[in-house]
Amino acid sequence: MEYDRPYYGLIKVLKEHKINQENAAKIINVSRNTFNQKLNRNAGRDFKLSEAKKLAQSLNITTSDFF
């Protein structure tokens, strides 16, 4: 099953924590452009499990909060 909806929960959490995409991208060691593609699931891009876990840990949330 392919998902195409952006990670609205993660977007909300990033805004609440006042973390921009560039800083979030640094957490998982990708470019801002790549982070944006993964966040919005463009061109089939999605977070690797290790990236999702690292983001969740840094934001003190669970990966289920991404949705």
Residue list for segment 6-37, restricted to those being in contact (Cβ under 8 Å) with a residue 40 or more places away in the chain and touching a Phe, Trp or Tyr at 6+ places or on another chain (Cβ under 6 Å): Tyr7, Gly9, Leu10
Matching residues in segment 52-67 - criterion: being of a type in the set (S, T, N, Q) and open to solvent by less than 60 Å² (accessible area, probe 1.4 Å): Thr63
Counting residues that are touching a Ser or Thr at 6+ places or on another chain (Cβ under 7 Å) and surrounded by 14 or more Cβ atoms within 10 Å (Cβ to Cβ), which helices (runs of 4 or more DSSP H) fully inside segment 2-43 reach at least 1? 21-27
If we keep only residues of segment 15-39 that are within 15 Å of Ser50 (Cα to Cα) and of a type in the set (D, E, K, R), then the residue farthest from the chain's Cα centre (by Cα) is Lys26
How many residues of segment 40-67 are more than 10 Å from the chain's Cα centre (by Cα) and among the β-branched types (Val, Ile, Thr)? The answer is 2
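Filter segment 44-55 for residues that are part of a loop (DSSP other than H, G, I, E, B) and either within 18 Å of Asn20 (Cα to Cα) or of a type outside the set (Lys, Arg) (or both) and give the result.
Of everything in segment 44-55, those that are part of a loop (DSSP other than H, G, I, E, B) and either within 18 Å of Asn20 (Cα to Cα) or of a type outside the set (Lys, Arg) (or both) turn out to be Asp46, Phe47.
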So Ile61 clears everything in (1) in contact with a helix residue (DSSP H, G or I) (Cβ under 7 Å, 6 or more places away or on another chain); (2) part of a helix (DSSP H, G or I) except one condition, right? Which one? (2)
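The values are calculated or read from the model by the stated rules, or taken from the named source; none is laboratory data. Treat the numbers as computed from the prediction; the structure is a model and nothing was measured. Counting neighbours? That spans all protein chains shown, and the Cβs are built from the backbone with ideal geometry, glycine included. Side chains included, ligands, DNA and RNA excluded: accessible areas come from the protein's heavy atoms. Shrake-Rupley method; radii C 1.70, N 1.55, O 1.52, S 1.80 Å.
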